[in-house]
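Structure, as C-alpha cells:
The values are calculated or read from the model by the stated rules, or taken from the named source; none is laboratory data. No experiment lies behind these values; they were computed from the predicted model shown. Cβ: placed from backbone, ideal geometry, glycine included. Neighbour counts: every protein chain shown. Side chains are part of the model used for accessible areas, which takes the heavy atoms of the whole protein and leaves out ligands, DNA and RNA. Shrake-Rupley method; radii C 1.70, N 1.55, O 1.52, S 1.80 Å.
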Amino acid sequence: MKIIITTCEPHDAPSLLRSLLEKRVVACGNIISQVRSMYWWDGKIQDDAEVLIVMETTDEKVDLALSEINKQHPYRVPKILAWEPSHTNAPYLQWLQKETQS
C-alpha cells in the first residue's frame, strides 16, 4: 500500500479526487481543509490557503496514480508525495486492493 498526498486550491480538490477514484487509481481520499501553505515561488514567499488531499492506493497502481495527479493537477509544479506505511491492517489492505481493480 502507498499513501499519496498533494495540495491544491479548495475548489479544485473534489474534482481531482473524484477523477482519480473514477479511474480506480486510488481507493479513497480525504480532503483536509484549512491548510495554510507558505513557500518560495517566483522569488517571493507565498502564503496561501490550500487543502491537503491524502489518498491510498496499491503498490501496483502508485505510478499510474502519480502520473494521473501530475496530468490533472492545476499547478505548474504540484507537490505530489508518496510513501509506504510501516503497518496496515489486513482487512483494509484487502479492501484497498479490491477497490483499485479496474
Q: Please work out which one of (1) at negative phi; (2) open to solvent by 50 Å² or more (accessible area, probe 1.4 Å); (3) not in a strand (DSSP E or B) is the condition Ile69 fails and give its number.
A: (2)
Q. Of Ala49, Ala13, which residue is open to solvent by 70 Å² or more (accessible area, probe 1.4 Å), small (Gly, Ala, Ser) and at pLDDT 95 or above?
A. Ala49
**Q.** The one condition in (1) surrounded by 11 or more Cβ atoms within 10 Å (Cβ to Cβ); (2) in contact (Cβ under 8 Å) with a residue 40 or more places away in the chain; (3) over 9 Å from the mean Cα position of the chain (by Cα) that Val54 fails to fulfil
**A.** (3)
Q: Restrict the check to the range 51-58 and report whether at least one residue is of a type in the set (Ser, Thr, Tyr), part of a strand (DSSP E or B) and touching a strand residue (DSSP E or B) at 6+ places or on another chain (Cβ under 7 Å).
A: yes
Q: Tell me which residues, restricted to the range 27-51, are touching a residue at least 40 places away in the same chain (Cβ under 8 Å), in contact with a helix residue (DSSP H, G or I) (Cβ under 6 Å, 6 or more places away or on another chain) and either within 13 Å of Ala13 (Cβ to Cβ) or of a type in the set (Lys, Arg) (or both).
A: Val51
Q. Which residue pairs have Cβ atoms under 8 Å apart, sit 6 or more places apart or on different chains, and have a first residue in the range 63-76 that is of a type in the set (Val, Ile, Thr) and a second that is in a helix (DSSP H, G or I)?
A. Ile69/Leu16; Ile69/Leu20
Q. In this structure, does Val77 turn out to be part of a loop (DSSP other than H, G, I, E, B) and crowded, with 16+ Cβ neighbours inside 10 Å?
A. no
